[in-house]
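Student: One structure is given below, represented as structure tokens, and several questions about it will come after.
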Amino acid sequence: MLLYNRQWRDALALAAGFALAAFLIQGTIDIIFFDYPFHSIVAYFLYNTENAYGYSTGPVYRFALTILGFLVPPVSAFLVVGYARTAKLAPKLFWGGLIFFVAHSLFPNKQERFILPLLPLIMVLGVIGWQSFVRQSVFWQKRRKLLAISWGFFWVINLIAAVGLAFTYTKKSRVAPLVYLSDKPNLDGVVLEFGNHSVKTPPLFYLGRPSVVYDEYLTDEDMVWEEYLQGKNNFPRTSSWSIL
């Protein structure tokens, strides 16, 4: 927006301030633990670029369906309409969110976690824009009961989901075993077995200690995994990879 308004000096000052803050917060950390400033950001970008088709993919409209589903219809449609009406009210937030959405929709990797940061912005701007629309709409002024039912359904679904999620968490089958093993003082390695299913990435953080991944069974150059599947050896059950 500063560039659009040709406020060159303010834009330069903002960019310099952002660069300095980013360097102090992230750049120095990467210098200490990695090879150069912003190493983790560069590595993250390169990894996702190289593995764009290695995870969940889908059509360009997939994230649009994700937003409509996560925010519970029909209220999700209300919020999207309200968000669209805030282009003039909050142009920086509106266009920033829209560019974020379009960029991720065009990117092949369609993991839901990529679009989740946009949901709070859609909810805040969506409510503002929708309330303004309702006050001006003759249709909705005459259908207050339908609005109340829609919002009531929204809150019932969200409260049920909140209660259900309060007693569990995702990937529990992977996290809980590593949390349990993290208390074992003589732990030298962990072997995970997935049979013929695809290899699942373990949450190594929950081991509470440095660890590396051993990829012998991923490549299986010595046919160790193939012989195991055919019952030609009797070593303990192993997996496509192990942590040492």
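Student: Does G126 meet the test of being surrounded by 15 or more Cβ atoms within 10 Å (Cβ to Cβ) and either free of Cβ contacts under 8 Å to residues at least 60 places away in the same chain or of a type in the set (D, E) (or both)?
Tutor: Details: surrounded by 15 or more Cβ atoms within 10 Å (Cβ to Cβ): yes; either free of Cβ contacts under 8 Å to residues at least 60 places away in the same chain or of a type in the set (D, E) (or both): yes.
For G126, the condition - surrounded by 15 or more Cβ atoms within 10 Å (Cβ to Cβ) and either free of Cβ contacts under 8 Å to residues at least 60 places away in the same chain or of a type in the set (D, E) (or both) - is met.
Student: Sticking with this one: Hey, can you tell me all the residues within segment 157-170 that are open to solvent by 80 Å² or more (accessible area, probe 1.4 Å) and assigned to a helix (DSSP H, G or I)?
Tutor: L159, I160, V163, L165 - these are the residues of segment 157-170 that are open to solvent by 80 Å² or more (accessible area, probe 1.4 Å) and assigned to a helix (DSSP H, G or I).
Student: Still on this model: In segment 37-93, how many are free of Cβ contacts under 8 Å to residues at least 40 places away in the same chain and at positive phi?
Tutor: Number satisfying all stated conditions: 1.
Student: With more than 16 Å from F78 (Cα to Cα), touching a Phe, Trp or Tyr at 6+ places or on another chain (Cβ under 6 Å) and open to solvent by less than 60 Å² (accessible area, probe 1.4 Å) as the only criterion, which of V134, V175 stands out?
Tutor: That would be V175, the only listed residue that is more than 16 Å from F78 (Cα to Cα), touching a Phe, Trp or Tyr at 6+ places or on another chain (Cβ under 6 Å) and open to solvent by less than 60 Å² (accessible area, probe 1.4 Å).
The values are calculated or read from the model by the stated rules, or taken from the named source; none is laboratory data. Since the model is a prediction, treat every value here as computed from it, not as a measurement. No Cβ is skipped: glycine too gets one built from the backbone with ideal geometry, and neighbour counts run over all protein chains shown. Quick note on the areas: whole protein, heavy atoms, side chains included, nothing else; ligands and nucleic acids left out. Shrake-Rupley method; radii C 1.70, N 1.55, O 1.52, S 1.80 Å.
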